[in-house]
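The values are calculated or read from the model by the stated rules, or taken from the named source; none is laboratory data. From a predicted model like this one, the values you see are computed outputs, not experimental measurements. With ideal geometry, Cβ positions are generated from the backbone for all residues, glycine too; neighbour counts draw on all protein chains shown.
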Amino acid sequence: MHALICSGLHDWVEWRFGEGMLKELRFYNPAFRKKRIGLIPDQDLFSDLDLLSRLSHQPKSSLLEDFRRYMAIPLLFEYRALVPAEWTALEVVEHTEPCIHTAIRDADDGAPPFIRCWRTPDNAVRIMYNSSRRMCEFARGLIRGIGDHYQEDLIIDQTLCMKRGDAYCELFVRSTIVSTIQDAAGSVRRLRLHPSIVNEAVDMVKRQLTNASVDSDTIEALVLSTMEAVGNVVRHAKSPDCEVAVHVQGNLVKLQVTDYGPGFTLTKRAMPDPFSEGGRGIALMQSACDSVDYEVRRSGNCLTLLKRQAGP
């Protein structure tokens, strides 16, 4: 198994279960750590997942799928040079073998997985998978993670499975694109919670404001605010996703971040002690923007930031 996958397991456990679970894993397996290089024996990963399954009381199959879903975005980032920018999620799935799987396949593996993907007449992607590992959960998780990255709902229909005695696993993948609103003045994007969505949200906001010819000082202020706002959602919201929206109306720019977590009480914040480890987010946003408002509501908690551009 490629070390990138095993190193990602550490990050995923911390993100999904918290520092307490990491400590438990290290207690029972002192070798469990983040930094791993080279090729890692498959059994090391399987042993870690078996232990995590026992400690979390969750089936190993669902952990495998969730972990691979988490790893899809880092893998796409790592091998982004192999994925054309204009591709859709379904096109990435169709070309998974040459673009991603070949790149991370173990060079010394005597029996690498057999994967073939092609389009069907009804515009689905048919996937044939055969491996001694019998880890079709990894395939399903990767597909769902690709859909998360591209904001597309990918529907998976698995017709054959080696674990049921079939000679190979067969999956059909279809796309139902999540509605995305884009026009000359604004954009709305739904992001699945993952540490990497902070950069994704920043890129979206910066691109949208640049295209709208917003001045550089305003862009800098809202990019900083996006980093803080979305970073807080990733760290604290107890929900799977959030929405980021940016609108330009004349010289007024509005940034909204909606989450579906428990919410918090917004007050005027002073900058904390310089050596404090946290607590700067709200204070930075209030300093950078003309107005910061937060509304807790059943349809989603909405943080609204307003920034007025300098006049001509």
Name the residues in the stretch 263-299 that are on the phi > 0 side of the Ramachandran plot and at pLDDT 75 or above, would you? G263
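Pick out the one residue from R174, R116, R134 that is outside any strand (DSSP E or B), basic (K, R) and either in contact with a strand residue (DSSP E or B) (Cβ under 7 Å, 6 or more places away or on another chain) or farther than 22 Å from E86 by Cβ (or both).
Among R174, R116, R134, only R134 is outside any strand (DSSP E or B), basic (K, R) and either in contact with a strand residue (DSSP E or B) (Cβ under 7 Å, 6 or more places away or on another chain) or farther than 22 Å from E86 by Cβ (or both).
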May I ask you to say which residue of R68, R54, R140 is at pLDDT below 90 and either in a helix (DSSP H, G or I) or not assigned by TED's automatic domain parsing to the domain that holds F17 (or both)? R68
